[in-house]
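Read through the structure below, which is laid out as structure tokens, and then see the notes.
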Amino acid sequence: MQLVDTHCHIDIERHFPDFDAVLDRAVKAGVSDIVLAGVHRQGWQRLMALSRKHPELHAASGMHPMYLDYHAPEDLAELEKLAASGELVAIGEVGLDYHVENSDHAVQQRLFEAQIDIAASAGLPLLLHVRKAHDQVLATIRRKKFNNGGIVHAFNGSYQQATHYIKHGFMIGICGTVTYDRSRKIRKVASELPLEALVLETDSPDIPPSAHWGERNLPEYLPEVLLHLTQLRSEDQSGIAVQTSKNARAALTRIDLP
């Protein structure tokens with residue numbers, strides 16, 4: 001298998017002091033490419049350095065809506081430089097998060113739109129982080145006329161919302177939530193959407209598969225997400241592996257087909 005983990009945070013040292021061993025086990029498990037999603041400027045330097053050193057890793061720098069206290073206005077200028085460098089596969093993770101109490105929605109919106117503009121100017125897709133704000137994100141994408149597509153990370157919305165994202169050129173990220181029996185909504189979405197619209201991810205160290213509940217999530221567990229998706233769809237596992245990896249490479253820049 002050559003699986004693509006389209007959303008991962010193994011660059012964060014406090015969670016992955018054993019980074020080299022984690023990456024080695026992921027590659028041995030069949031994960032050929034891993035997208036490192038940025039959350040704030042303080043982490044971009046390491047994220048970029050790792051992606052330059054390891055051909056399996058791909059950088060997607062961005063400013064996360066949950067980390068507003070970490071962001072400064074000048075960070076947008078730095079992100080614009082990175083976007084123009086040709087080293088990023090996407091801008092992300094970016095979006096809106098209305099799940100967090102007392103978060104300033106207006107500030108989130110301005111930050112999101114500024115990063116959409118950067119992505120549009122650089123010809124880059126977006127890695128979207130969205131919680132309890134899918135309608136607002138979709139409305140923003142439509143209003144901004146953003147047409148570079150991307151991936152909706154760890155999708156948790158409805159089937160109808162998923163189809164709207166797909167119409168705007170976005171892939172739907174399937175992660176460890178599909179391994180839990182109680183996650184009926186996302187399991188239904190994952191089983192009914194066209195396979196051509198799905199990509200795989202771990203979101204390591206978060207959202208571990210059910211077999212690793214309570215543990216640190218790892219990219220080497222991505223085949224478990226694939227297995228559960230295969231069971232849900234009653235389709236050939238190798239076919240799903242090939243198609244989801246093809247989808248990931250189509251959605252992101254600078255990840256070439258083998």
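Just so you know, all these numbers are worked out from the coordinates, no wet-lab data involved. Here the structure is a predicted model, which is why all the values come from computation and not from measurement. Every residue, glycine as well, gets a Cβ built from its backbone with ideal geometry; the counts of neighbours run over all protein chains shown.
Quick notes
- Stokes-Einstein diffusion coefficient of the range 3-251, Kirkwood radius over Cα pairs, 37 °C, 0.692 mPa s, in µm²/s: 183
- Charged-residue dipole, Cβ positions (Lys, Arg, Asp, Glu), the chain about Cα centre, Debye nearest 20: 720
- Shown in residue order for the range 200-208 are the 3J(HN,Hα) couplings computed by the Karplus curve 6.51 cos²θ - 1.76 cosθ + 1.60 at θ = phi - 60°: 9, 7, 10, 6, 3, x, 8, 6, x Hz (x for Gly and Pro).
- Three-way shape label, the range 107-180, alpha-carbon gyration tensor, a/c 1.5: prolate
- Loop-located chymotrypsin sites (Phe, Trp or Tyr not before Pro) in the range 35-76, at most 16 other Cβ atoms within 10 Å (DSSP): Y67
- Ranked list, fewest to most other Cβ atoms within 10 Å of each Cβ, for T179, T253, T244: T253, T179, T244
- Relative packing of peptides 27-39, 137-149 - highest average C-beta neighbours within 10 Å first: 27-39, 137-149
- Distance between modelled label sites at V242 and E74, nm, 7 Å Cα→Cβ extension: 5.1
- Structure-based [θ]222 nm, the chain - -39500 (n - 2.57) summed over DSSP H runs of at least 4, per residue, nearest 500: -12500 deg cm²/dmol
- Distant-in-sequence amide contacts of L198, defined by a placed amide H-H separation under 5 Å and a gap of 5 or more residues or a different chain, comprise I172.
- One chain, two ends: Y159 and R184. Fully extended at 0.36 nm per residue, the span grows by 7.8 nm beyond their Cα-Cα distance.
- Among the listed pairs K81/K185; K81/K144; K144/K188; K53/K188; K28/K144, those beyond 32 Å (Cα-Cα): K81/K185; K53/K188; K28/K144
- Stretched out straight at 0.36 nm per residue, the stretch from L195 to A21 would grow longer than its current Cα-Cα span by 59.4 nm.
- For G150, neighbours were defined as the other residues whose beta-carbon sits under 14 Å from its Cβ, and their charges (Lys and Arg +1, Asp and Glu -1) total +2.
- In the chain, excluding the sites themselves, the longest stretch lacking any of the GluC sites (Glu not before Pro) that are in a DSSP loop with at most 12 other Cβ atoms within 10 Å is 102-214.
- Legend: calculated FRET efficiency, H99 to Q2, from the Cβ-Cβ distance at R0 = 35 Å, rounded to 0.05, equals 0.55.
- Exposure proxy order (Cβ contacts within 10 Å, fewest to most) of M171, M1: M1, M171
- Exposure proxy order (Cβ contacts within 10 Å, fewest to most) of V242, V89: V242, V89
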